[in-house]
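The values are calculated or read from the model by the stated rules, or taken from the named source; none is laboratory data. Given the structure is predicted, the values throughout are model-derived calculations rather than measurements. Neighbour counts run over all protein chains shown; Cβ positions are idealised from the backbone, glycine included. These accessible areas exclude ligands, DNA and RNA; they are computed on the full protein's heavy atoms, side chains included. Shrake-Rupley method; radii C 1.70, N 1.55, O 1.52, S 1.80 Å.
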Amino acid sequence: MSKADSIFISNIKDILDNGFSDKDLNVRPKWLDGTPAHTVKKFCIVNRYNLAEEFPIITLRRTAFKSCIDELLWIWQKKSNNIHDLNSHIWDSWADETGSIGKAYGYQLGVKHKYKEGMFDQVDRVLYDLKHNKQSRRILTNIYVHADLSEMNLYPCAYSVTFNVTGNKLNAILNQRSNDMAVANNWNVVQYAVLVHMLAQVSDLEVGELVHVIADAHIYDRHIPVVEKMISNPSYPAPKFVMNPDVKDFYSFTVDDFKLEDYRFTPFTDKLEVAV
């Protein structure tokens, strides 16, 4: 069993056994048929993944590794807010007729700000500091910009990342206000694990820990029987993560520069509807 599997199973069991149900409350999310999408939730789950030890992808079912990376590059590398720059359809429900999701995600990372050293967007500022100010305690991004929330088609879920170099290891804390555990939990973990690997390589650092802090970790009512089945599935050791060692420029990475060796997982065909 991978450590990601173990953490995921523990989270799911804790939410189902000890979580709070909002079934009697008015809630914003709805299913496609218009029915309110209720949840069982836990407040503040904190998970730690040692990226130097193994790659944190679950094997209880397949996590779409390449699609995860494609979305990651869409946000962090392309700094795009248009689904026409994305190769999957995961954002279609939040896009307007032009394909835009508003001033969200990649848009915020691409906005330039004035610093003592010059004009940087948030990604370039991180890259600059990891090369020139490795011991800084100020290396972070934040895309939850209140002034622009009214122009976002979806408020950011994973909204802030704090980077910290300890010795020669790059660590990161991913802060997430809300996490649909069945649909998006391991998806987000895989993405930000890859991001730490990318930033470490282009900054001549080694990977350390990814810490995932989730304020509202929830399971939707229609997902409960699916996740109960999922956590009873057979599991396997974590696969080996392989990244092209020749890429030294963050903006030169492509989806094809990443692969998993020996990724075994339990086939799982149950559908998970996404609440919107």
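Overview of values
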quantity: So P237, is it more than 19 Å from the chain's Cα centre (by Cα), surrounded by fewer than 16 Cβ atoms within 10 Å (Cβ to Cβ) and under 16 Å from A182 (Cα atoms); calculated: no
quantity: Cβ pairs under 7 Å, 6+ apart, first in segment 118-146 and within 12 Å of L199 (Cα to Cα), second among the small types (G, A, S) and crowded, with 18+ Cβ neighbours inside 10 Å; calculated: L130/S203; K131/S203
quantity: Residues of segment 50-108 classified as open to solvent by 40 Å² or more (accessible area, probe 1.4 Å) and aromatic (F, W, Y), total; calculated: 2
quantity: Segments classed as strands (runs of 3 or more DSSP E), wholly inside segment 104-212, with at least 2 members that are more than 23 Å from N50 (Cα to Cα); calculated: 113-115, 118-120
